[in-house]
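The values are calculated or read from the model by the stated rules, or taken from the named source; none is laboratory data. This one's a predicted model, so the numbers in the text were calculated from it and none came from an experiment. Backbone-built Cβ (ideal geometry, glycine too); neighbour counts: all protein chains shown.
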Amino acid sequence: MFRVLLASLTAISLLLPIISYRYFSHIMRLMRIRRANFLLAGAALLVTGYIFFLLPWLFIENDVPAIRLFSYYLVMGGLGVLAYGVFKIYMEWKEVMR
Amino acid sequence: MNLITPLAINLFLSVTIFFVAMQIYNVYRRKYMLWFLLALFFLPLLFIYSLLEWVYLSKISIYSIVAYPLIIIAMEISTIMAQKNLLTSLKKGEKVEYSLLLREDIALIRAFEKMANYLIGRISLFIGIKDVEELLEECIEKYPVLAGCYIGMDEKLKTDIMEENLGEMDYEEMEKMCMAFSYFLTKLVDIQAAFVPYTETAEELLREIKKMDEKIVKYFVPFVLFKIVLEPIIREYKGEELKNIRMMVDVEGIYINRKGGIEYHGIYEYDAITREDKFIKFLERLLVSLGGDEGVRKRITEILRKLPENVKEEIYRYEFIKKLPRGILDEEKIVLSSKDKLIQELIERKEKLEEAYSRLAQAKMDKMKSDFVDIIAHELKTPLTAIKTYTELMRKGKLGRITKLQKEKLDRMAINIDRMARLIDDMLQIPSIDARELELRKEIFGAEEMVKNIISDVEEMLNERGQRIDIEMDDGLKIFGDKNLIEKAIKNIVVNAIKYTPEGGKIVIHGLKDGEYSHIIIRDNGKGIPPDEIERVFEPFYSREGGAGLGLAIAKNVVESHGGRIWAESDGRNGSTFHIMLRMRK
């Protein structure tokens with residue numbers, strides 16, 4: 001029961017980024033300010049980390065601390081890239097809005 | 001295994017991202033930003049939950065793990081909502097999105113699309129939408145850059161497919177697109193003009209342009225100038241008159257079609273200033289073809305004055321008004337030229353003021369310098385006189401008997417006191433001459449007599465060093481000036497020459513008549529002055545071999561205060577030559 005619930009929720013959470021990516025690529029075709037690569041790379045790392053985090057629960061229904069740690073490091077990389085991208089956008093927009 | 005550290009770092013990073021996003025929202029308050037903020041708000045929550053879950057894992061059921069996908073799903077939904085909102089905002093072409101986010105080429109396509117739809121909406125009432133579709137196809141055939149444009153079910157021009165296939169355009173491609181769209185717009189305007197009075201159409205189009213973003217307006221400048229300013233006038237002429245105008249007005253790719261519409265697509269090949277020039281040329285020819293009608297000039301002036309501010313800003317950017325033919329915007333030309341004159345005058349006044357300030361500052365500095373040297377010199381001279389008196393008394397034994405050694409030392413002291421007194425005298429002369437405060441007691445005197453006086457003064461020095469001075473003076477050579485000062489100046493140069501000439505050397509003093517001037521030349525065969533230092537020898541306190549370095553500075557001041565000239569020549573090896581030019585008469 002737990003595994004079915006988790007699998008279906010994971011499937012939804014992996015489907016939504018695909019929809020999000022479609023919007024994202026459409027927006028990026030129109031946008032002038034380009035920090036897309038940072039945001040995309042950051043988001044991709046976050047999703048990968050998330051998948052690694054859930055893998056043990058999906059397959060053995062238990063935690064594997066080593067995999068959990070690895071997933072945290074992946075997420076950390078993703079957040080770092082994302083933070084850089086967001087900060088750059090802030091600096092650029094601040095200039096433009098002035 | 002330590003999971004707390006990466007978790008804490010992740011928590012810190014996610015909170016940072018959230019706060020930076022909050023700052024973005026502060027400068028850019030849009031609805032979709034709120035959705036993004038919501039999505040980013042879940043990130044720190046995720047890590048806080050993870051921390052708690054890790055600490056209390058044993059007490060929480062296995063189902064606690066389900067919270068992760070749930071939080072992630074909430075985040076993703078918020079992100080999708082934010083993106084959807086942003087996309088709608090971009091599609092609507094709201095002003096802030098235009099200026100801040102939208103690519104310029106996309107914004108330009110949207111602006112053309114809007115204008116075209118405005119015209120299509122009106123002309124589809126008179127002709128079927130099929131004709132508009134055919135016209136669009138014809139335009140695409142002529143300008144393939146328009147491929148992807150189509151008339152939608154709602155009878156409106158659609159550019160979404162074109163946008164999707166569009167790579168980022170360079171300036172040249174943008175110009176091509178402008179050419180293509182302006183061709184399409186011209187055709188639509190022609191159709192509408194057949195049913196609606198053109199002045200009405202022009203006013204309505206201008207209202208549309210008024211709403212445009214300032215970055216896009218620049219691409220519509222030719223449209224405004226030709227289709228809105230000039231075309232209403234041309235369209236009033238029909239038949240033979242129009243034919244005559246058409247024949248006379250044709251400027252390299254800009255011409256009038258049979259219906260009286262101006263076709264100007266080639267103009268996008270040129271830069272903004274050349275475009276302006278072409279328009280002026282076209283206008284001049286048009287005015288000639290209309291027989292220099294003053295009424296036409298007045299009407300053009302009125303139309304130009306009525307243009308919205310965003311268009312005016314773009315059009316008047318260069319020298320547009322000044323280039324316009326006589327009778328058009330004359331008042332503005334006067335205002336502009338008086339503005340230019342005013343600016344020029346202000347610049348000149350500012351320069352004069354700055355010069356006066358710098359002169360004042362220099363004068364103040366000179367005065368301060370003079371005062372300073374004056375005070376120092378006087379303060380030194382008073383005690384020195386007392387020292388000298390007592391030294392003399394001691395030397396002569398009037399203050400008691402002294403030994404031989406003491407006498408020797410006192411002699412040396414006396415020599416040094418004399419040297420110091422001379423130095424102070426020199427220093428005292430500089431400020432008075434610098435400040436031009438000295439009253440020169442000018443008279444005419446013989447140069448030869450003065451030179452002989454100098455030689456007798458320095459005779460002792462010459463004998464000590466085994467040197468000699470030769471004089472070669474023109475007969476009756478006179479100098480007009482303060483005899484004492486000039487003598488001192490020349491003596492300084494001679495003393496200098498003696499110092500730098502080796503023992504047994506020779507110094508020559510020439511005196512020549514040179515027009516109204518006496519030219520005194522002092523030449524030595526010493527080691528000379530290096531060429532790069534020749535300009536500096538007259539600077540106060542400049543010295544090559546010890547000494548105060550005031551002699552030549554004083555000489556320069558004296559000569560210049562008499563309106564004369566002094567300079568030095570040397571190749572840096574075979575001695576040096578000093579020249580002095582002084583007036584012979586008043």
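Computed values, structure above
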read-out	value
Matching option when the condition is crowded, with 16+ Cβ neighbours inside 10 Å and either more than 10 Å from chain B (Cβ to nearest Cβ) or modelled with pLDDT under 90 (or both), among A:LEU9, A:LEU82, A:LEU39	A:LEU39
The listed residue being surrounded by fewer than 16 Cβ atoms within 10 Å (Cβ to Cβ) and among the aromatic types (Phe, Trp, Tyr), out of A:PHE52, A:PHE59	A:PHE59
Filter result for B:GLU252 (closer than 21 Å to B:THR274 by Cβ, surrounded by fewer than 15 Cβ atoms within 10 Å (Cβ to Cβ) and in contact (Cβ under 8 Å) with a residue 12 or more places away in the chain)	yes
Pairs where the first residue, in the stretch B:332-357, is within 28 Å of B:TYR316 (Cα to Cα) and the second is modelled with pLDDT under 80 and not acidic (Asp, Glu), C-beta under 8 Å, 6+ apart	none
Cβ-Cβ under 8 Å pairs, at least 6 apart or on other chains, the stretch B:388-403 side closer than 14 Å to B:ASP418 by Cα, far side in a loop (DSSP other than H, G, I, E, B)	B:TYR390/B:LEU399
Single condition B:ASP154 does not satisfy, out of (1) closer than 25 Å to B:GLN192 by Cα; (2) part of a helix (DSSP H, G or I)	(2)
Contacts under 7 angstrom Cβ, first residue in the stretch B:318-329 being in a helix (DSSP H, G or I), partner of a type in the set (Val, Ile, Thr), 6 or more apart	B:LYS323/B:ILE280
Cβ pairs under 7 Å, 6+ apart, first in the stretch B:557-586 and outside the structural domain of B:ILE522 (by TED's automatic domain parsing), second among the hydroxyl-bearing types (Ser, Thr, Tyr) and assigned to a loop (DSSP other than H, G, I, E, B)	none
From the options B:GLY260, B:GLY291, B:GLY266, residue that is part of a helix (DSSP H, G or I) and among the small types (Gly, Ala, Ser)	B:GLY266
Criterion (more than 10 Å from chain A (Cβ to nearest Cβ) and basic (Lys, Arg)) met by exactly one of B:LYS84, B:LYS91, B:LYS31	B:LYS31
Within the stretch B:105-154, considering residues that are among the acidic types (Asp, Glu) and surrounded by 17 or more Cβ atoms within 10 Å (Cβ to Cβ), the one nearest to the other protein chains (Cβ to nearest Cβ)	B:ASP105
Residue within the stretch B:171-187 that is among the small types (Gly, Ala, Ser) and under 16 Å from B:GLU263 (Cα atoms) present	yes
Extreme residue, farthest from the chain's Cα centre (by Cα), among residues of the stretch A:54-73 that are more than 8 Å from chain B (Cβ to nearest Cβ) and among the aromatic types (Phe, Trp, Tyr)	A:PHE59
Exclusive hit being touching a residue at least 40 places away in the same chain (Cβ under 8 Å) and either more than 24 Å from B:MET427 (Cα to Cα) or more than 55 Å from the chain's Cα centre (by Cα) (or both), set B:VAL458, B:VAL508	B:VAL458
First in the stretch B:120-144 and part of a helix (DSSP H, G or I), second anywhere and surrounded by fewer than 16 Cβ atoms within 10 Å (Cβ to Cβ) and among the acidic types (Asp, Glu), Cβ under 6 Å, 6 or more apart	B:ILE129/B:GLU155
Strands (runs of 3 or more DSSP E) wholly inside the stretch B:441-496 containing at least 3 residues that are in the same structural domain as B:SER518 (by TED's automatic domain parsing) and closer than 21 Å to B:SER576 by Cα	B:468-473
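Residue-wise test of (1) within 7 Å of chain B (Cβ to nearest Cβ); (2) closer than 26 Å to B:LEU70 by Cβ; (3) out of contact with any His (no Cβ under 7 Å at 6 or more places or on another chain); (4) among the hydroxyl-bearing types (Ser, Thr, Tyr).
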position	(1), (2), (3), (4)
A:ILE19	yes, yes, yes, no
A:ILE27	yes, no, yes, no
A:ALA44	no, yes, yes, no
A:VAL75	yes, yes, yes, no
